[in-house]
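Heads up: the structure comes next, in structure tokens.
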């Protein structure tokens, strides 16, 4: 009898032990992001979390063009397929006001993230509305527009001599848009299949808008007053028009057929030996320093966005914050994951893997700035970034900008001023429709 | 023994012997079809019609409001939308006309005996079996001014087909012609093979020329099936999305289907996009009805 009782107790104990183990393994979190290298780095990072806690974390990805549609389709259905999403900064308005994101203000204040993360990343990846002190995401992947260039072309003595003779100053990494334009013109030699510059022109999402706004901001222009939604005289200011006009001038020196290009093509402009300089988000630079993917890796250099005529220097912000989806059934588990993610050692590991940490301490460290040929330029850029409208109707606003500037830049129709006047009128009508001028 | 006896009966009697009436068998086929039709076609159609009179946005949690005809009014007075319709009309005319000419021409060439006719016909049919998105990406490469073979073959240098606002739409139309001419060819071949041979023999005896035979015998007898091809291709061209979306982002090639997609799934303006879908539907129905009326007249001749 004693044997039977002992066996039963042992059996129950074993079953409970197995049950506990199974339950620990059953805990799962799904993070949704776009399909690119940083998502692979994140998967590598979260494997450590699984090893520490037994909670399986999967980074689910989808190609960039489908990212927004797929995420919002799931949000709108109040689906729980994703526990967290690494959403674009422009989604903050829609994500917060439409109830898709969990309010992380308490979490933010409790962990004093305002002191931990770079100021620009908090402003653009986490807070909505601007200046409200309400936070909806934790800055995860910092990113911004930067430039790669062919060091060997720039350092060739014959080229240097010819450039100096033509433009009257030394050929070097451009510090102003005017110099960037001169250098693009100088190296633009279609008969040799060499071109001056590669810029973003795709208008199906935000590629072209990011390139154009970098120029507009640096020329002293703005897209509008994000607090009051005022656009008249701001969106279509003379400074903004000058910035857009500069972008149009740069388009003249792109390789032929450069009318639907984004990050893939702009990297190909360097890997294919096509262009002297190429614009891209920093997150797309890793293949350019890899000899397996870039035959010119040894002679590829990087620089931050140049200044406008008055010395103002800005770059369009990319990157994303991570938000907890309000329809998730594992919100508490997701919060525990975020607590792990913001730890200093996790942020350090994130940067080592290739992710662009937003932690000020890691960004400032020599280890980070010397880790790659472009990390220093990235560090400089992250303190001069500006973003697009993050208002809930940003998709409509983005489409209107695309519709107005694309025919000017790529099609050569009208003037910069006309394109921006039309944009200001369209945006005013849209913001009026959504009662933003209360 | 019973099964042997059953197999000797006709299908209806066999079913009756099993206890299935004609009505049961008919219902077995019709009821699932009806359910499918109601659930996946009629219900969404009515539901979206309802939405088209509201300000419903699928990405907002706030309740929607009934706005009457406001969506329709705004759309029909929007210059951008009219511009999309004009672009679509241009595209339909160029693309469908091209497909009819190329498709029917190919059918005339194939409607005779020559070596490897079967293989050549099969090869010609391949384009329409491909995915439209893949075809779009493939032609994007063909048009590339840097490494695409089209400019090389025709000596066009750096001409940028898809970046040029004046040529982008026609470049997409040429791709659509390449992809769908085989469909017209297939239907035309069926029509050509149905023309009674004795008519051609009689014409030959009367020493009728090729043009006379073509315009008085071939074309009138094939025209009903050509009109059917025309109806199908017009409807499809009007709805073209994938090829154009993958090939170019030129606003001058923004077809109405692309505008509809942007309105519905990028801007989440659900109510208005439903209204736009209905405007497109009404236009397609109107055009199709015109064709069908003409088709009936042709048949009566």
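Numbers below:
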| quantity | calculated |
| --- | --- |
| Strands (runs of 3 or more DSSP E) contained in the stretch A:27-115 and holding at least 2 residues surrounded by fewer than 18 Cβ atoms within 10 Å (Cβ to Cβ) | A:56-62 |
| Odd one out for residue A:411 among (1) within 12 Å of another protein chain (Cβ to nearest Cβ); (2) under 20 Å from residue A:86 (Cα atoms); (3) assigned to a loop (DSSP other than H, G, I, E, B) | (2) |
| Given (1) surrounded by fewer than 19 Cβ atoms within 10 Å (Cβ to Cβ); (2) within 25 Å of residue A:216 (Cβ to Cβ); (3) free of Cβ contacts under 8 Å to residues at least 40 places away in the same chain, index of the condition residue A:421 fails | (3) |
| Checklist (1) crowded, with 17+ Cβ neighbours inside 10 Å; (2) away from chain A (no Cβ under 14 Å); (3) not in a helix (DSSP H, G or I) applied to residue B:195, failing item | (1) |
| Any hit, the stretch B:97-104, residues being surrounded by fewer than 19 Cβ atoms within 10 Å (Cβ to Cβ) and more than 25 Å from residue B:227 (Cα to Cα) | no |
| Residue match in the stretch A:323-332 (condition: touching a residue at least 60 places away in the same chain (Cβ under 8 Å), more than 29 Å from residue A:49 (Cα to Cα) and crowded, with 18+ Cβ neighbours inside 10 Å) | no |
| Subset of the stretch A:389-404 [at pLDDT 90 or above, under 18 Å from the mean Cα position of the chain (by Cα) and at the interface with another protein chain (Cβ under 9 Å from one of its Cβ atoms)] | A:398 |
| Filter result (without any contact (Cβ under 8 Å) to a residue 12 or more places away in the chain and either outside any helix (DSSP H, G or I) or over 30 Å from residue B:66 (Cβ atoms) (or both)) within the stretch B:276-298 | B:289, B:290, B:293, B:296, B:297 |
| Qualifying residue in the stretch B:216-226 (condition: under 22 Å from residue B:82 (Cβ atoms) and surrounded by fewer than 18 Cβ atoms within 10 Å (Cβ to Cβ)) | no |
| Check on residue B:60, surrounded by 11 or more Cβ atoms within 10 Å (Cβ to Cβ), at pLDDT below 95 and touching a helix residue (DSSP H, G or I) at 6+ places or on another chain (Cβ under 7 Å) | no |
| Qualifying residue in the stretch A:219-235 (condition: touching a residue at least 60 places away in the same chain (Cβ under 8 Å) and in a helix (DSSP H, G or I)) | no |
| Odd one out for residue A:413, checked against (1) over 21 Å from residue B:266 (Cβ atoms); (2) in contact (Cβ under 8 Å) with a residue 60 or more places away in the chain | (2) |
| Some residue of the stretch A:134-146 being surrounded by fewer than 24 Cβ atoms within 10 Å (Cβ to Cβ), without any contact (Cβ under 8 Å) to a residue 60 or more places away in the chain and either within 15 Å of the chain's Cα centre (by Cα) or more than 28 Å from residue A:180 (Cα to Cα) (or both) | yes |
| Within the stretch B:26-62, tally of residues that are more than 13 Å from every other protein chain (Cβ to nearest Cβ) and more than 16 Å from residue B:278 (Cβ to Cβ) | 15 |
| Residue within the stretch A:275-291 that is within 14 Å of another protein chain (Cβ to nearest Cβ), more than 20 Å from the chain's Cα centre (by Cα) and either part of a strand (DSSP E or B) or crowded, with 22+ Cβ neighbours inside 10 Å (or both) present | yes |
| Matching residues in the stretch B:234-275 - criterion: being away from every other protein chain (no Cβ under 12 Å), more than 27 Å from residue A:94 (Cβ to Cβ) and not in a loop (DSSP other than H, G, I, E, B) | B:234, B:235, B:236, B:237, B:238, B:243 |
| Top-ranked residue of the stretch A:163-205 - restricted to ones that are free of Cβ contacts under 8 Å to residues at least 12 places away in the same chain and in a helix (DSSP H, G or I), ranked as nearest to the other protein chains (Cβ to nearest Cβ) | A:191 |
| Residue under evaluation residue A:259, criteria (1) modelled with pLDDT of 95 or more; (2) part of a loop (DSSP other than H, G, I, E, B); (3) out of contact with any strand residue (DSSP E or B) (no Cβ under 9 Å at 6 or more places or on another chain), criterion not met | (1) |
| Some residue of the stretch B:272-283 being buried (at least 20 other Cβ atoms within 10 Å of the Cβ) and touching a strand residue (DSSP E or B) at 6+ places or on another chain (Cβ under 6 Å) | no |
| Candidates A:243, A:259, A:211, filtered to the one that is within 25 Å of the chain's Cα centre (by Cα) and away from every other protein chain (no Cβ under 14 Å) | A:243 |
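The values are calculated or read from the model by the stated rules, or taken from the named source; none is laboratory data. Predicted model, so just to flag it, every value in this text is computed and none were measured. So basically every Cβ, Gly included, is an ideal-geometry build from the backbone, and we count neighbours across all protein chains shown.
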